[in-house]
Amino acid sequence: MKNILKKTLLGVCAVSLFAGCASKDVEYDDSSMSTNVDQKIDEVAVSDESTMVTSTINENSSNSIDRLQKITNSSVNNVQSDVDGKVVVLESVHFAFDKYKLNDDMREVATSNYGKIDETIQSYNELKIKLEGNCDEWGSDEYNYALGLKRAKATKDALVADGVNKDSIVMVSFGESNPVCTQKNTACWKMNRRVDYRLLP
Amino acid sequence: MSKIILIFLGLFQFAFSIDATMEIIKNKSSLPTINVVSAIDSSNIDEINLKLMKLIQKDLQVSCHFNDSSISIETEFMANPKYKVLKENGIDLYLVLKVTKDDSAKYIVNTKLYDVNTNALVQSKSYSTISFARYPFLAHKIAIDVNRYLNAPSIDWMDKFVIFSRYLDSKTSEIVISDYTLTYQKVVVKGGLNIFPKWANSEQNAFYYTSYRGVVPSLMKQNLYTNRLEKLLTSDGMIVCSDVSDDGKKLILTMAPNSQPDIYLYDTETKIKKRITSYSGIDVGGNFVENDTKIVFVSDRLKYPNIFAKKIGQNGVERMIYHGRNNSQCTTSDDYIVYSSRESDNEFGSNAFNLYLMSTKSDYVRRLTTNGRNQFPKFSSNGESILFIKSTDKSNLGIIRLNYNKSFLFPLKSGKLQSIDW
């Protein structure tokens, strides 16, 4: 930075002196070659992730994800999972602003969800539980994704404490990219600070 | 006699020194004035004429090496300049453009730069593009060439790409490259949720980003020109490339292999990752400082986001900022940090987020903005400028020219930005 400042000061002096220098010798710069701006843009390749084959990710899991994407939420606070025809409705857990600790009310919701998950696991012991952490729009990019992850981790800890095998749980943070409400008010932002539970058969 | 000569020489030197000093002080505020005009015999392509001319003028303003003359002059491209009129209006440099469209529908821009003080044509150049949408790159090239004539500090950074991601819908985003004003835009990754793009090297021929195509997020590296896509790492929860070392060989990542977001150093040659922070809360957004021996990062160690520093390989963590209620974004260059700070206690509403510049080696702190929500700060590659997003009633892209204490805004039509790199 010091070097940059030094160079800049010298440059500014050069620029400044130019203004008052009427007898400056000049050189004529005539480029015979035309400058074309297209090359570096034309060669840019475009990739479409939606058309790619996911070869390195477990195909079964991928299919499960695809299937779950089609499941509609019955309400903004609940997520339905379809486990071989059986519908399991799990309530989303909500958090205070910039917090990732479960309060007593939300701990009860987590326990209630555990009961439904435990019942389902009895029939499908290969079941995976996916916890999706989400945030409101009031955060910075990277910090918000970490906050979403900490929220998912809090619900994972609750499930493990209740008796779920930790290896059957995967987590992902969507930061502020997955709002269930897009209005600009505190009630809406509160709904977006949540963890969604999804079951992957 | 010799004493008289010595005294005379001494007085002469003294007088000259004073004069020279005064001249520099006098001229510090009198940058060369440039007048940019579009020739009346340009093809009838008013839109590109107007847009191109305005963007060249804006580029020259942003360079901070010119004063812009607002007088309107009508001229044909080949006509000799009316030097007398130009001098009377205090114009030092005179740039004439002529835009034409050839038989293959290619846009050709011819330029002539005149030095009014010497009554001379000093630069004559030609630029072309096949697409009107690419006129921002024509403008930046022309501004760079005019600046080069003055031997002023380089503004070659104007011709570099900016890369950013923007949200389109729930769990859907795209990655876009653009010129530094975000006027020209081209989508390079689409489909699904693809976020946190980061240039992989100074040549800008590849970039890293986070893909959500699998069950857990993956860190991808994509070549901009060959489309070669490489999956580097995956992590439960999140994975983000926060910074790339100057030589492109080391990355700072935020990832959570043990369900805990911490900062890691990743060697792209050995493929070995090393955990740098191990705090039970949130550590994110690591950036190299002091020749890559130290990182600054964002942590909630004080129960709110703030900026901390840590030497790589050592245990101690140093708090860097002692004001603000939410300091959750930072960017670094050499030994300098620019961070965004929320000034008020209210977590919602029209809070002011201001940008500050500080040194890691002294108590130096300088406030860079005064109002609005100023976020997503990013240093330019040479450390001379800051790019940021300013939100007031509407969003703008801001450029702060640090050495000149000036900032410029460009209207933003890009939707909700997720992340940006320069």
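Given the structure, is A:Ile117 more than 11 Å from every other protein chain (Cβ to nearest Cβ), buried (at least 20 other Cβ atoms within 10 Å of the Cβ) and part of a helix (DSSP H, G or I)? For A:Ile117, the condition - more than 11 Å from every other protein chain (Cβ to nearest Cβ), buried (at least 20 other Cβ atoms within 10 Å of the Cβ) and part of a helix (DSSP H, G or I) - is met.
Just give me the residues in region B:219-246 being facing chain A (nearest Cβ under 8 Å), closer than 19 Å to A:Met171 by Cα and of a type in the set (Gly, Ala, Ser), in sequence order. Can you show your working first?
First, the residues of region B:219-246 that are facing chain A (nearest Cβ under 8 Å): B:222-227, B:229, B:231, B:236-238, B:240, B:242.
From the residues that got through so far, the ones that are closer than 19 Å to A:Met171 by Cα too are B:236-238, B:240.
Hit for region B:219-246 is B:Gly237, nothing else.
Of the strands (runs of 3 or more DSSP E) lying entirely inside region B:372-414, those containing at least 3 residues that are in the same structural domain as B:Asp335 (by TED's automatic domain parsing) and surrounded by fewer than 17 Cβ atoms within 10 Å (Cβ to Cβ) span B:406-411. The conditions of being aromatic (Phe, Trp, Tyr), in the same structural domain as B:Val122 (by TED's automatic domain parsing) and under 27 Å from the mean Cα position of the chain (by Cα) are not met by B:Phe77. Being crowded, with 18+ Cβ neighbours inside 10 Å and charged (D, E, K, R) is a description that applies to B:Arg213.
Looking only at region B:182-203, count how many residues are assigned to a loop (DSSP other than H, G, I, E, B) and either among the charged types (D, E, K, R) or at the interface with chain A (Cβ under 9 Å from one of its Cβ atoms) (or both).
Residues in region B:182-203 being assigned to a loop (DSSP other than H, G, I, E, B) and either among the charged types (D, E, K, R) or at the interface with chain A (Cβ under 9 Å from one of its Cβ atoms) (or both): 5 in total.
Checking each residue in region B:284-324 for being in a loop (DSSP other than H, G, I, E, B) and among the aliphatic types (A, V, I, L, M) picks out B:Leu302, B:Ile312, B:Val317, B:Met320, B:Ile321. Being basic (Lys, Arg), in a helix (DSSP H, G or I) and within 12 Å of chain B (Cβ to nearest Cβ) holds for only one residue in A:Arg151, A:Arg107, and it is A:Arg151. Just for region B:217-240: of the residues that are under 27 Å from the mean Cα position of the chain (by Cα) and β-branched (Val, Ile, Thr), which one is surrounded by the most Cβ atoms within 10 Å (Cβ to Cβ)? Ranking the candidates gives B:Val240 first. If the condition is being away from chain B (no Cβ under 11 Å), over 12 Å from A:Asn78 (Cα atoms) and either part of a loop (DSSP other than H, G, I, E, B) or modelled with pLDDT of 90 or more (or both), then region A:182-201 contributes A:Gln183, A:Arg193, A:Leu199, A:Pro201. Here the condition is being free of Cβ contacts under 8 Å to residues at least 12 places away in the same chain, within 14 Å of chain B (Cβ to nearest Cβ) and within 24 Å of the chain's Cα centre (by Cα); of A:Glu137, A:Glu132, A:Glu142, it holds for A:Glu142 alone. Only residues that are farther than 16 Å from B:Gly415 by Cα, of a type in the set (S, T, N, Q) and surrounded by 17 or more Cβ atoms within 10 Å (Cβ to Cβ) were counted across region B:161-204, and they come to 1.
Just one of the listed residues (B:Gly383, B:Gly324, B:Gly372, B:Gly415) is out of contact with any Ser or Thr (no Cβ under 8 Å at 6 or more places or on another chain) and on the phi > 0 side of the Ramachandran plot, and it is B:Gly415.
The values are calculated or read from the model by the stated rules, or taken from the named source; none is laboratory data. What you see is a predicted model, and the numbers here were worked out from it, not measured in a lab. Note: ideal-geometry Cβ built from the backbone for every residue, glycine included; neighbour counts use all protein chains shown.
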